[in-house]
Amino acid sequence: MNIDKAVLMFAGFVVLLGLALGTYVNSYWYLLTAFAGLNMFQASITGFCPAAMVFKKLGLRGGCAFS
């Protein structure tokens, strides 16, 4: 698995987690989904992604989007 796929998988997990928690626990958890979406938006413009930096330190190989 490369960094690009790991970031996409992590972002999808955070979105689904936020939706589930917002539905079953408290509606404020929808803010987690909004945060994940805003982070993906800014990463597509700036190329800065904290999750990609963490996955790189964990030893995953680079991909096309986050090298």
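The values are calculated or read from the model by the stated rules, or taken from the named source; none is laboratory data. No experiment lies behind these values; they were computed from the predicted model shown. All Cβ positions, glycine included, derive from the backbone under ideal geometry; neighbour counts span all protein chains shown. To get the accessible areas, we keep the full protein, side chains included, count just its heavy atoms, and leave off ligands, DNA and RNA. Shrake-Rupley method; radii C 1.70, N 1.55, O 1.52, S 1.80 Å.
Name every residue in segment 27-55 that is closer than 15 Å to L8 by Cβ, open to solvent by 80 Å² or more (accessible area, probe 1.4 Å) and out of contact with any Cys (no Cβ under 9 Å at 6 or more places or on another chain), in order of residue number.
Scanning segment 27-55 gives F41, S44, V54.
Checking the structure you have, find out if any residue of segment 54-61 is in contact with a strand residue (DSSP E or B) (Cβ under 8 Å, 6 or more places away or on another chain), on the phi < 0 side of the Ramachandran plot and either not hydrophobic (A, V, I, L, M, F, W, C) or not in a loop (DSSP other than H, G, I, E, B) (or both). Steps first, answer last, please.
Initially, segment 54-61 is screened for residues in contact with a strand residue (DSSP E or B) (Cβ under 8 Å, 6 or more places away or on another chain), giving 60-61.
Cutting the leftovers down to on the phi < 0 side of the Ramachandran plot gives us 60-61.
Those left that are additionally either not hydrophobic (A, V, I, L, M, F, W, C) or not in a loop (DSSP other than H, G, I, E, B) (or both): 61.
Yes: one or more hits.
So, in segment 56-67, of the ones that are over 11 Å from M1 (Cβ atoms) and surrounded by 13 or more Cβ atoms within 10 Å (Cβ to Cβ), which residue ends up modelled with the lowest pLDDT?
Top of the filtered list is F66.
Quick one: is L21 more than 11 Å from the chain's Cα centre (by Cα), surrounded by 13 or more Cβ atoms within 10 Å (Cβ to Cβ) and on the phi < 0 side of the Ramachandran plot? Write out each step before concluding.
Details: more than 11 Å from the chain's Cα centre (by Cα): yes; surrounded by 13 or more Cβ atoms within 10 Å (Cβ to Cβ): yes; on the phi < 0 side of the Ramachandran plot: yes.
Yes; evaluated as a whole, the condition is true for this residue.
Got a number for residues in segment 20-50 being out of contact with any helix residue (DSSP H, G or I) (no Cβ under 9 Å at 6 or more places or on another chain) and in a helix (DSSP H, G or I)? Give the steps one after another, and end with the answer.
As a first pass, look at segment 20-50 and keep what is out of contact with any helix residue (DSSP H, G or I) (no Cβ under 9 Å at 6 or more places or on another chain): 24-27, 38, 41-42, 44-47.
Still in the running and in a helix (DSSP H, G or I): 24, 27, 38, 41-42, 44-46.
Of the residues in that region, 8 qualify.
Among what's in segment 24-37 and is more than 9 Å from the chain's Cα centre (by Cα) and among the small types (G, A, S), pick the residue that is farthest from A52 (Cα to Cα).
Looking at residues that are more than 9 Å from the chain's Cα centre (by Cα) and among the small types (G, A, S), I get S27.
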